[in-house]
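Notes follow once the structure below has been shown.
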Amino acid sequence: MRTVRVEKSISAPPEAVFEMLTDHAGYVRFRGVKSAERFRDGEPDPNGVGAMRRIGIPPVTFEEEITGFDRPHRMDYVIRKANFPFEHEGGSIEVTGDERSAHVVWTSTFAVATRFASGPATALAAAAVRTGFSRMLADVDARLGTG
């Protein structure tokens, strides 16, 4: 298993940052995301615990379940299905700060589960995930903050 951790400070209220990062259908606004849909509502918030979302970042498609939701501070998720051999221990997005500035910590722990070369495949996936998280947070900063 490999853990990816990306941190970014954004000059925007934490509530606004959390909203953008948990609006599952809105993920298509981020670079590289070609499709995003919530196909099962969560409780009590539609994007909350139990929500299921399908995200397409070609050539990868995966389905995530929201396992923790504490608006506007934290969302936890687990990838339940992917179109490649993938084991996901879990991920979280944590947002802290004050009315003018948010600090985001996004983590995900996973492995690419191939019979051969699992280590190198997981390392390549980790680099792609780190880039994806960084780009998404930069996009949030560009839309909401001073980035």
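A short reminder: the numbers here are calculations on the coordinates, not readings from a lab. Owing to the predicted nature of the structure, the values given are computational and were not obtained by experimental measurement. Positions of Cβ are generated from backbone atoms using ideal geometry, with glycine treated the same way; all protein chains shown enter the neighbour counts.
Taking Lys and Arg as +1 and Asp and Glu as -1, the other residues whose beta-carbon sits under 9 Å from that of P13 total -2.
Rounded to the nearest 20, the Cβ-based charge dipole of the chain about its Cα centre (Lys and Arg +1, Asp and Glu -1) stands at 700 debye.
In terms of overall dimensions, the chain has a Cα radius of gyration and Dmax of 14.8, 49 angstrom. For the stretch 1-50, just say rounded, prolate or oblate: build the C-alpha gyration tensor, square-root its eigenvalues into a ≥ b ≥ c, call rounded for a/c under 1.5, and beyond that prolate if a/b exceeds b/c, oblate if not. Taking the square roots of the gyration eigenvalues as a ≥ b ≥ c, the stretch 1-50 is rounded. For the stretch 103-116, 3J(HN,Hα) computed residue by residue from phi via the Karplus equation (6.51, -1.76, 1.60; θ = phi - 60°) reads 10, 10, 10, 10, 10, 8, 10, 7, 8, 8, 9, 9, 5, 10 Hz, glycine and proline entered as x. The order of I55, I93, going from fewest to most other C-beta atoms within 10 Å of their C-beta, is I55, I93.
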